[in-house]
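Student: Starting off with a structure, shown below.
The values are calculated or read from the model by the stated rules, or taken from the named source; none is laboratory data. These numbers were taken from a predicted model, which means no experiment stands behind them. Because the Cβ atoms are built from the backbone with ideal geometry, glycine has one as well, and the counts that use them run over all protein chains shown. When the accessible area is computed, the model is the full protein with side chains, heavy atoms only, and any ligands, DNA or RNA have been set aside. Shrake-Rupley method; radii C 1.70, N 1.55, O 1.52, S 1.80 Å.
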Amino acid sequence: MKYTFCRALAITAIVSFPGWATAQVDDFIEQHVWIDLAATPMQIEIELTLDLGETASAIHLATLALPLASVDVDGTPVGWSDSFSDPGYITDIALPSQLPAGTQTKVHMVARGELDCASLFYPGYQWCVHDSHQTILPMTSAGEAWYLSSVFAFDQFVGSLTVVAPASQDVVSVQGTEEERSDNGDGTATWVFSFDYPTDGVGLYAGDMEAVTSETGFPVTGYVPSAHVTKMEHAVAIAAEVLDYYNELYTPMPADHAYLVTTPNSLPFGGMGLLGTIFLNEYVFWDEYAYIVEQGVAHEFGHTWWGHMSSGNHPFFTEAFAEYSAWRAMGHLYDDAMRTSGSRMNAVWYMYRRTGNADVAVLDPKVFNSPAYGFVIYHKGSTVLRTFEEAAGEAPFTAALRALVQSGPGHTDIDKFVSEIAASSGYDASADVEQWLLQPGFPHLEVRPAVATSATETTLALFALTDDPFAFNLPVRLTFADGTTRNESLTVGEDGSGHVVWGLEGYPVLVEFDPRWTMVREITPGADRADVSFDGVVDGVDLIEVALRQGSFLPDERRVDGGYDPLYDLNGDGAVDGDDLNLVLAAAASH
Amino acid sequence: MSQRRYERTRLPSRVTVIVLLVLGAVSGCGEQKALSFNADAQPSGPRLWLQHADTHDTRLTFEVWAAEVGAVLGYSFHVRLDDGVVTAAGEVTPAAALGSSSEAALYLQSARADDLAVGGVRRDLGETALDGPVLLATFPLDVTGEVPTPLRVERVVFRRAGGAFVATSAAGGTIVRKGGES
Ligand SMILES: [Zn+2]
C-alpha cells in the first residue's frame with residue numbers, strides 16, 4: 001500500500017522519461033473527449049489541438065488504456081507505433097509529413113476495446129476501475145491514459161468531456177461549468193462537461209455509490225460505499241469548511257460545487273486532488289487510518305489552488321503548497337495548536353525519518369530520483385513555506401500566494417515566488433530560498449541560557465550556536481511564573497552564532513524557541529540537557545514540560561502525528577516516557 | 001599513605017576550631033536567644049507560603065504549604081537563601097501532594113547552596129485539587145551565620161492539566177532570634 005497523497009503520481013512518471021530534459025515539448029491547446037461507458041466494448045474518441053514544440057515527423061503521446069482503432073492528423077489518416085524508448089507508456093503518432101516547430105496540428109483518435117486498468121508504473125495496482133457499478137478514471141497516466149496530457153511537462157488546455165453512462169449512475173468530472181445531463185431514452189444518459197479554465201487534470205466518476213452532501217458551508221458531495229457513509233459525512237463537512245476558507249484566503253475557485261469520490265483500495269494512491277474534485281482511497285475511511293481523513297481532505301482540496309488554478313515547473317509548487325495550505329486550514333478549523341502539530345509532524349518526519357538518512361535540496365533536480373523525495377518535497381517543503389510566512393508576515397505572504405494563484409496555471413517558478421513576496425512584504429526571500437530550498441539539511445542549534453538576578457532586574461542571556469550553514473531569526477517566547485508571556489526573537493547569523501541579553505521584570509521560568517514550529521530545526525539545551533525550559537536550572541518546570549509530552553513518539557508511518565518533539569526525548573530513544581522524566585529528576589538531584 | 005596521615009592529624013584541630021567558635025559566640029552574646037522565623041503576611045487567593053515547623057539549636061525545619069490553587073497537574077517553586085548565613089541541612093523532602101506512588105506522581109528536589117527547588121507532576125496528566133492548606137515540602141536549614149536572614153520563595157508555578165499557568169502569590173519570611181532583634 002502506498003500512503004501517498006498527490007496531485008498525480010504521474011508526475012513521478014514524467015521525470016523518469018529521457019525526453020524530459022531535452023525535448024522541446026508540444027503545447028496542448030484544446031482537447032475534446034467523448035467516452036461511451038455504456039457501449040460494449042467501451043469507446044473513447046479524442047480530438048486534440050496542439051502546437052508542435054519542434055520540427056517533427058512524429059508526435060509522442062501518452063498510451064491509452066484501450067487499443068487505438070484509428071488516428072488522423074489534420075484529417076489525414078496516419079499510423080502509430082509503440083515508443084522505442086518508453087514502450088507501453090508512449091505511443092508515437094506519425095505525422096503525414098515533417099512539420100515545422102509551431103505548427104498547429106489537430107490529432108483525432110478513436111480507441112475501442114477492453115479498458116486495461118493494470119498500472120504499468122505501480123505493478124500490482126489498478127490505475128482505473130470499470131465495472132457494472134462504476135467507472136473511475138483518475139487523472140490520466142501514461143500507459144493507462146483516457147485523455148491526453150503532456151508526458152513531458154505540466155501543460156494545461158481547455159476543452160470538453162462528453163460521457164454516455166447508464167442512466168442510473170451519477171457522473172462527476174472536471175471543474176467549472178454546469179454539467180448538462182440528457183436522458184437518451186435507452187437506459188443511458190449523456191453528460192457534457194466543458195472547461196474554460198485551463199487544466200491538465202481531469203478525473204471522471206460514473207457510478208451508483210451513496211451520495212452525501214454538505215449541509216453547511218461550500219456545497220460538497222461525496223460518493224462512498226454504504227459502509228463508510230458516516231465517515232464521508234464528516235469528510236464532506238470538513239471539506240465544506242476548508243473550501244470556504246481557501247476561497248476566501250486565495251481566490252474563489254472556478255466551480256460552485258465540489259466532489260469527493262471514494263476509490264477502491266486497488267488504486268495506488270491515498271488521495272488525488274483535481275480542480276474542485278478529489279479522489280480518496282477507501283482505506284482512508286478504515287478505522288486505523290482515521291488520522292488521515294481531515295488532513296487528506298484539506299491537502300487534496302488544496303491542489304485545486306496549488307496544482308490546478310496555479311502550477312509551476314516543479315512539484316514543490318503543488319505538493320509543498322497543498323500541504324502548507326492543509327495545516328493552515330486545519331488551524332483555521334480548530335486552533336493554532338492544531339496547525340503547530342501539523343507543522344511539527346512534517347518537520348519531524350523530514351528531520352528524523354528520511355529513508356537511509358538521504359537528503360537533497362528541495363529544488364535540486366536530483367530530488368526526483370532521491371529516496372528523500374517525499375520527505376523533502378511534502379514535509380520539508382511545506383514547513384519551509386511556513387518559514388517564509390513567518391519572515392514575510394502572514395498577511396503579506398498570503399497576498400503573495402494569492403498573486404501566484406491569480407497568475408494562473410503553469411506560471412509559477414521560484415523567481416516569481418520571490419518577487420511576489422518582495423512586492424507584498426518588502427522582504428527579499430532570496431537568501432532564504434538559497435538556504436532552505438537550494439541546499440539540503442537543517443540547523444541543529446544548541447542554546448545556552450544564563451539568568452542573572454539583582455534587586456532591581458533580571459537578565460536573561462542566550463548563546464546559540466550551530467555548525468550548519470543557516471542564518472535565521474528564531475522566535476522566542478518567554479513565560480513568567482504567573483503565566484504572562486513575552487515574545488522576542490534570537491538572530492543566528494552567518495557565522496552560526498547568536499547572542500542576546502534581555503532585561504526582564506521577572507524570572508522567565510519557561511523559554512521556548514520557535515514554539516509554533518515555523519521551521520525545520522533541532523534545538524537542544526547546551527548546558528544541561530534536562531533544562532528543557534532553558535532557564536538555566538533543572539526544576540519542576542522541566543519535570544512538567546517533559547511530563548506534558550509523555551507518550552509522544554517518533555512515528556514509523558507518514559502522517560501519523562506522534563506529538564514528537566526531540567527536545568523532550570532526553571535519552572533520544574524516540575519516545576518520551578518515564579525514562580526521560582527520571583533523567584530530569586536525576587539532573588535536578590545532582591546539584 | 002602520607003595523605004591519610006595528614007588527614008588524621010588535621011581532624012582534631014578542626015573540632016578544636018569549631019568548639020572555640022561556639023565558645024566565642026556564647027561568651028560574646030551572653031544569654032543566647034532562640035532562633036525563630038518571622039513569616040511574611042500570608043496573601044489571599046491562590047498562594048504558597050513558608051511555615052516554621054521546628055527548631056533544634058541552630059537547625060530550623062520549614063514547611064511549604066499551598067492553598068486555594070484549585071486543580072493542578074503539577075507545581076514548581078524555589079526557596080532562595082543566603083548561603084553565607086544558612087545552609088541546607090539535608091534533603092528537601094517533597095510531600096506526596098499529588099499522589100504517593102511513583103506511578104501516580106513524580107517529585108523533584110534540588111538543593112544548591114542558595115537555591116532549594118521542589119516540583120511535582122501527576123503522571124496521568126490529570127489534576128489534583130490543592131484547595132488546602134496542603135503541605136508540599138519540608139526542608140531543614142542550619143543557621144551558620146548572623147541572622148536576620150531572609151528566605152524568599154520565588155518562581156512559584158502551578159499548572160493545570162494541559163499546561164495553563166495559575167497566577168499565585170507567595171510568602172517567605174525572615175529567620176530571626178526571638179525576643180527582640182536590633
Ligand atoms: Zn498532494
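Student: Could you tell me the accessible area of residue A:565 in Å² (1.4 Å probe, neighbours in place), rounded to the nearest ten?
Tutor: 20 Å²
Student: Right, next: Please state the Cα pair-distance histogram of the stretch A:459-591 with 5 angstrom bins from zero: what percent is in each bin?
Tutor: 2, 10, 18, 22, 20, 17, 9, 2, 0
Student: If I take every Cα pair under 8 Å that is 6 or more residues apart in chain A, average their sequence separation and divide by the length, what percent do I get for the relative contact order?
Tutor: Numbers: 1352 pairs, mean separation 56.0, N = 591.
That works out to 9 percent.
Student: Normalised by the residues of the stretch A:508-585, what does the relative contact order come to in percent, with Cα pairs under 8 Å and at least six apart?
Tutor: On the way: 103 pairs, mean separation 20.3, N = 78.
Dividing the mean separation by the residue count of the stretch A:508-585 yields 26 percent.
Student: Still on this structure, please answer the following. Where does the stretch A:315-437 land on Rg(C-alpha)/(2.2 N^0.38 Å)?
Tutor: Rg over 2.2 N^0.38 Å, computed on Cα atoms: 1.03.
Student: Express in Å², to the nearest 10, the accessible area of residue A:579 obtained by rolling a 1.4 Å probe over the protein heavy atoms while all chains stay in place.
Tutor: 80 Å²
Student: With no solvent and one equal point scatterer placed on each C-alpha of the stretch A:257-357, evaluate the Debye formula and give log10 I(q)/I(0) for q = 0.20, 0.21, 0.24 Å⁻¹, two decimals.
Tutor: -1.14, -1.21, -1.33
Student: Roughly what angle does helix A:414-425 make with the longest principal axis of chain A, taking Cα atoms, 0 to 90 degrees, to the nearest 10?
Tutor: In chain A, helix A:414-425 runs at an angle near 60 degrees to the longest axis.
Student: Further, regarding this structure: Which whole-number percent gives the relative contact order of the stretch A:1-208, counting Cα pairs below 8 Å spaced six or more residues apart?
Tutor: In percent, rounded to a whole number, it is 23.
Student: If you don't mind, another one. In what sequence, largest accessible area first, do B:37, A:388 appear using a 1.4 Å probe?
Tutor: I get B:37, A:388, largest accessible area first.
Student: For A:168, A:382, give the ranking by accessible area with the largest first, probe 1.4 Å.
Tutor: Final ranking, largest accessible area leading: A:168, A:382.
Student: Please work out the C-alpha center-to-center distance from the stretch A:129-197 to the stretch B:42-92 and express it in whole Å.
Tutor: Each part reduced to its Cα centre gives a spacing of 76 Å.
Student: When every alpha-carbon pair in the stretch A:1-208 is counted, what percent end up more than 25 Å apart?
Tutor: Beyond 25 Å sits 36 percent of the P(r) for the stretch A:1-208.
Student: Here's something else I'd like to know. Can you give the percent of C-alpha pairs in the protein assembly as shown whose distance is more than 53 Å?
Tutor: That fraction is 30 percent.
Student: Based on alpha-carbon centroids, what's the gap between the stretch A:218-268 and the stretch B:112-182 in Å, whole number please?
Tutor: One Cα centre to the other: 55 Å.
Student: Per Stokes-Einstein, at 10 °C and 1.306 mPa s, what whole-number D in µm² s⁻¹ belongs to the stretch B:33-177, with the Kirkwood radius over Cα pairs as the hydrodynamic radius?
Tutor: My calculation gives 104 µm²/s for D.
Student: Which angle from 0 to 90°, rounded to the nearest 10, does the C-alpha axis of helix A:336-352 make with the longest principal axis of chain A?
Tutor: The angle comes out at about 80 degrees.
Student: Using alpha carbons only, how many angstrom separate the centre of the stretch A:363-389 from the centre of the stretch A:37-104?
Tutor: Cα centroid of the stretch A:363-389 versus Cα centroid of the stretch A:37-104: 35 Å apart.
Student: Related question: Enter the mean number of other protein chain beta carbons within 10 Å of the beta carbon of each residue in A:205-216, as an integer.
Tutor: Across A:205-216, the average partner-chain Cβ count within 10 Å equals 0.
Student: Using θ = phi - 60° and the Karplus curve 6.51 cos²θ - 1.76 cosθ + 1.60, what whole-Hz ³J(HN,Hα) does each residue of the stretch A:197-213 get, with Gly and Pro shown as x?
Tutor: Taking θ as phi minus 60°, the curve returns 7, x, 8, 10, x, 10, x, 9, 10, 9, x, 10, 5, 5, 10, 10, 10 Hz for the stretch A:197-213.
Student: Give the long-range amide H neighbours of residue B:130: residues separated by 5 or more places, or on another chain, with amide H under 5 Å away, using H modelled in the peptide plane at 1.01 Å from N.
Tutor: So residue B:130 has HN proximity to B:69, B:70, B:71, B:72.
Student: Just by accessible area at a 1.4 angstrom probe, what is the order of B:76, A:454 from largest to smallest?
Tutor: Accessible-area ranking of B:76, A:454, largest first: A:454, B:76.
Student: Using just the Cα positions, wrap the stretch B:32-88 in a convex hull and report its mean projected area in square nanometres, one decimal place.
Tutor: That works out to 5.2 nm², a quarter of the Cα hull's surface.
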